[in-house]
Structures are given as C-alpha cells and as structure tokens.
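A short write-up of the structure that comes next.
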Amino acid sequence: MCGIVGYIGHKCARPILIEGLKRLEYRGYDSAGLAVLNDGQVAVSRAVGRIANLEARLNGDGANATIGIAHTRWATHGGPSERNAHPHIAQNGRIALVHNGIIENYRTLRTFLEGMKVCCQSETDTEVLVQLIGHFYKGNIEQAVRDALHEVQGTYGIAVLCADEPDRIVVARKGSPLIVGIVGPGEYIVASDAAAIVQHTAQVVYLADGEMATIARDGFRTTTLENVPVTKEVQAVEFSLDQIELGGYEHFMLKEIFEQGQSLSMTLRGRLNTREGVIHLGGLANHTRDIARARRLIFTAQGTAWHAGLVGEYLFEDIAKIPAETEYASEFRYRNPLIEPGTVVIAISQSGETADTLAALREAKEKGALALGVINAVGSTIARESDAGVYLHCGPEIGVASTKAFTSQVAVLAMMAIQLGRRRFLSQPEAKNLIDALARIPGQVSAVLEQSEAIRKAVEKYIHRENWLFLGRGYNYPIALEGALKLKEISYIHAEGMPAAEMKHGPIALINEGMPVVFIATRCSQYEKVLSNIEEVRSRGGRIIAVATEGDEHIREMAQHVFYVPDVPEPLQPLLTVIPLQLLAYHAAVLRNCNVDKPRNLAKSVTVE
Ligand code: G6P
C-alpha cells in the first residue's frame, strides 16, 4: 500500500528519500514522488511507475536540500497518473503534503475550497487536505495542519513541509501508521514502515492514532490533535537490515519460504516446555483463565491470515474443545455480529495494519468481546489496540505473498490451543506429545525444501494450464485454499481450493484431460476418503500432484507427482503441507515470468477498505 518517507538533518535528503522509497516498494505502488525545500522553494518531482522513473526525473534543483518528504502511491481516488501522484502542493506553492489513507469527506471539502476560490489540480482525495492546510495557514504550519485535520473525516498518516518554515516536518496519524526514527542530534527519518528506517537507526517512536509530531532540527515534540503534549517512549526496532535484504536469493518470497525452519524456531522459542509439556505465552498470561472459559471463539482476518484462522478453528475445537469459527474481517465488521458474553475474538494479521481486520477488532471490543491479536509487526495498530496477544516474531515479511507469516500464525494458534486445552480436557501426555512434535517441526522443514527443484520440474509440465484445483480434507482443507490463493496471486493462474468432498458437488465438471489437480493426501483420519477422491479425478483424465506422508509408496501408483512431508500429528500437518504449495506457486510464477515479489494489483498491506 502507499508509503511515506521524510527526512530532516544535515545530509542530502534526496538519496535518503529515494532509498527509503525503494525499501517500501514491496508494499506495492503505481507512482511515486518527492518534495524537498530548496532555497526557500518547494521542489517537487513525480513519476508514474517504478522509482527508477522518479530518479530519472530528478535534476539539479534540490540536489543539496537537507529536508524532504516522499511517497509511493497505490491509487484509490483518481487513477495512477503523474498529476495524482504525491506530494500534493497547496495553491500558493509553499506547502507540500504526502498522505496515506482516505479522506472520506473530500467532496464536501472540495466544494468548500472552491467557494474560497481554491482549485484542486488532481482527482485525489488527498489534495483537498493540502489545500485546506494552505487555507488555514497564518504563519504556523503546525497549527494549520491541526486546524485542517479537525475538518477531515477518514484515515491518514501525513507528512507536511512548508517553504516558510524550512526547519520542520509536521506529521500526524489516524488509522495509518507513522514512525519517527531518531538518527542523531537534529537528524530524523520518518516513515510509514520501519523498513525505510532500519538502515539509519534502530531508535524509533511509534505515533499513536490522534497524535501529531513536529520534527525540527532542534528536536521533536509530540502532541495530540488538541495540542496536549504527549511524552513518547523511544523503542528499539526489532529487526535488522539483513532481514529485509535478499541475501543471495532471487526473490524475497523464495528467501522467506526457505527461512521457515528459522522463522518457526523464532516463533516457538521460549514458549515450549517439552520437559513438562507446558506452553508459555507471556502475552496472554493475564487472560488465560478468561480465554479457557470462553463460550465461543471467533477468528477474524483477511487473505492468508484468514486461512491461518481456519486452521485455528480446527485446532481450537479439536484440541481445546472450545466452539470456534472464522470470519472475514470485512464481513464481520459490517454485519452487526452478535457478541454474547464469553466471546473471544482473535484478530490475525501479519502487518497488524489491515484496515478491515482492525475495524473488526474494534467492533468486537465495542461489543464487549475480549479482543486478542496474533500479529507479526511489533507496535502495529492492531497489536496496540488488542486487549492481549501473541507476537509471531518471525522477522519482517517482504514478499507480498505471505509465506513464513502463515506458518508462524499456525504455530501460534497451535500453541494457544494446546495451552487452553490443558486448562480444559487435554491430558498432560497428550499435550506433551503435541509439544514434542511442535518442537521438532523447524528441523523438519528442510526435508520439504529439498524437493524444491523436483517441484519446479513438475510445475513446468503444466505451466500452460490455466485452471488448477487444490483439494484437501480436515486440517488440510485450509491448506488447499492457501495453495490455490498462492498460485492465483503470483502466477495469475486461475485456481480454486476446496474440501475434497465438495468437488463432487459441481467443480468435478471442470475436470478434463490433463487438468492439474493438487491433493493434500497425508496420512490422517480421512486418508482413505482422499484416495477415493483422487480416483474420481484420475478416472476423468485429471493429473494428480499429491502432497503425501514420507514412506507412503501406495500413493505413487495413483499420482503423477508426489511430494513428501515428514509424518507429524494431524493437527500440526498444515505447518509442513503448505510448504510444497508455496514452492509450487513460486516456481509457476517464475516460469511464467511474473514479478514474484510485486504481483500486479496487489499490496502487501491493505490499509484501506
Ligand atoms: C494482503 C496481502 C496478503 C495478506 C493479507 C492480510 O492481501 O497481499 O498476503 O495475507 O493482505 O494481511 P495481514 O497483514 O493482515 O496479514
């Protein structure tokens, strides 16, 4: 989604801003721009497409400037064009603004501005905000921003420059993240994502909703929108530069798939007591009693995180014996859900910023539910607004298609289910058995990854097929959904995932000679039934690609291609069965020359509805 970077200090701002924008590229964007203050003037450059296009536009004007703001835009209001790219400039040419989020009442504000003879040049909702700031400006940019924001409905993370106050950047947030990085005395970098900051400093301040900051060469101050001073804690960013670099891999997605042994270790670290068969989740410590007494659990999320929620539903009913269901956050938030006493809502999100998931969490809290977060990004909005939660600690995920975050989400949900199970009906030996198996999982990932080249060769055979099916049952049904989503989002092949038994109720009509059908057919309670489903596809000419349990030779007779995962207890199978499907999607995308890390039309974090 859109990205913001701002810099003030003693170095040349432009290279720092461009580098920062490149660090945010992974979030997805369609145009970019920057503004610096140079000799008392605002110098703006904008370009459609890649950041390289913006770089090519930069001329000598502003090369030595030491203050500037920059933006990557992902179009919402107004198509991707140079005119609509940020920064937007006030009519007098003296104020520049970059904005993430949506100004919902922009039409009303635009009419008001037109009445004041202020004309907007772009089709964006953002431009009305900078024009409004220009309208209110009477020599104090901080006050003008405050006055303008009081008129605005919607969400924003903004950074504002004023040519008449060349020693400060004013930033504010409501619903869109902003982080101030403290580089050194009088030197700051502000961004919407820590990835643009870590190369300069690990010391950051996370702005909260409804807060503003004026970042000046002589220090920065934080206030509320009502100008009440706020004391902020300086925090350390959790990750380092090498975690957001390719490190020899061709794509971030591949790097993150291959990292899963390590990322799962980080998620499990310090939380499993294999000796006593106990799980320790510090973030839930004050609430385990309430959660164990829950009458109903609702997982809410979007995209891949929703699939993790679906695995959670199986885990919680099976292991913890608590009624559980999974809902798209976008549906949950608007359908006036019934929240009875004893309901626990668990929001799952890698970024912790997905707009719908955040809104669902707020809805749940408002209606009296205990609201928990299973989040990767430390300090993110959902993490801060949850009553309690568990961090994934799997390191930053840069690839747009979520991989390592998914396995860590499932690992966290498995730990939660075992912990709660112990407070309910799960015996100590049963818990110990699962915990021992969970502890072994990171070491078993490599056995799956070793098959990457074999998976590539298999995919190559079907690379021109435009329709794929992914089928699984029980714990592997969500994995079928996830496998299909991965293939769709990065290789643009149409794929559907569903419970294997559901195939007979319609989709079987699609199966024709040579159609690739992926079965997750591990040894599990429904293994025999899955084999029957395989027969049904085979007899209609479908080609079978199976994910099976190590040692299963029988399945070789039925499938054209078999990829093996180590034998683990059924509830933990999704942690391994998803990996061959991630690799399958990755290789398909590469073979079709798709831009794996920047798939068309997609954003890493969807912070608008
Ligand atoms: C976007 C991403 C997906 C992700 C989903 C939810 O659509 O492209 O990979 O699963 O958002 O994101 P979250 O950060 O809430 O997990």
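Remarks
- Neighbourhood charge, 14 Å Cβ-Cβ cut-off, centred on Val568 and excluding it, Lys, Arg +1 and Asp, Glu -1: -3
- Restricted to Cα atoms, segment 287-361 shows a radius of gyration and a Dmax of 11.8, 31 angstrom.
- Taking segment 450-597 and dividing mean pair separation by its residue count, relative contact order in percent (alpha carbons under 8 Å, at least six apart): 29
- Cut-off 20 Å, label 7 Å out along Cα→Cβ of Glu123, residues of segment 584-609 by amide N: 601-602, 608-609
- Sequence of Lys504, Lys604, Lys22 once ranked by neighbouring C-beta atoms within 10 Å, starting from the fewest: Lys504, Lys22, Lys604
- Positive end of the dipole of the chain (Cβ unit charges, origin at the Cα centre): among Ile544, Trp74, Ile455, the Cα lying farthest that way belongs to Ile544.
- Secondary-structure-derived ellipticity at 222 nm for the chain, considering helices only, amounts to -10000 deg cm²/dmol, per-run term -39500 (n - 2.57) for DSSP H runs with n ≥ 4.
- Count Lys and Arg as plus one, Asp and Glu as minus one, and take only other residues whose Cβ is under 15 Å from that of Asn533; the net charge is then +1.
- Extension reserve of the Ser240-Glu325 stretch, reckoned as 0.36 nm per residue once the Cα distance is removed: 27.0 nm
- Surrounding net charge for Gly282, when Lys and Arg each add one and Asp and Glu each subtract one, Cβ distance under 13 Å: +2
- Residues Trp468, Trp74, sorted so that the one with the fewest Cβ neighbours within 10 Å comes first: Trp74, Trp468
- Dividing the radius of gyration of the alpha carbons in segment 450-597 by their Kirkwood radius gives 0.93 for Rg/Rh.
- Normalising the average separation of contacting C-alpha pairs (under 8 angstrom, six or more residues apart) by the number of residues puts the relative contact order of the chain at 12 percent.
- Subtracting the Cα-Cα distance of Arg295 and Glu535 from 0.36 nm times their residue separation leaves 82.3 nm of extension gain.
- The modelled label-to-label distance between Ile463 and Asn286, using points 7 Å beyond Cα along the C-beta direction, is 5.5 nm.
- When Rg and Dmax are taken over the Cα atoms of the chain, they come to 25.5, 79 Å.
- Multiplying the residue separation of Asn336 and His77 by 0.36 nm and removing their Cα-Cα distance gives an extension gain of 90.5 nm.
- Placing +1 on the Cβ of every Lys and Arg and -1 on the Cβ of every Asp and Glu, with no other charges, gives segment 291-439 a dipole of roughly 440 debye about its Cα centre.
- Between Gln262, Ala159, Ala285, the Cα set farthest toward the positive side of the dipole of the chain (charges on each charged residue's Cβ, about the Cα centre) is that of Ala285.
- Separation between Cα centres of segment 566-609 and segment 299-313, rounded to whole Å: 15
- Summary of the geometry: segment 355-387 and segment 231-266, compared by the centres of their Cα atoms, lie 23 Å apart.
- Helices meeting the span-like rule in the chain (full DSSP H runs, Cα extent of at least 27 Å along the helix axis, mean Kyte-Doolittle score of -0.5 or higher): 404-423, 428-449.
- Approximating the spin labels as points 7 Å out from Cα along Cα→Cβ, the Ala501-to-His150 distance works out to 6.2 nm.
- Here Leu17, Leu510, Leu358, Leu241 are placed in order of increasing Cβ neighbour count within 10 Å, fewest first, which gives Leu241, Leu510, Leu358, Leu17.
None of the figures in this text is laboratory data; all of them are computed from the coordinates on show. This structure is a prediction, so every number in the text was calculated from the model and none was measured. Glycine gets a Cβ as well: all are built from the backbone with ideal geometry, and neighbour counts include every protein chain shown.
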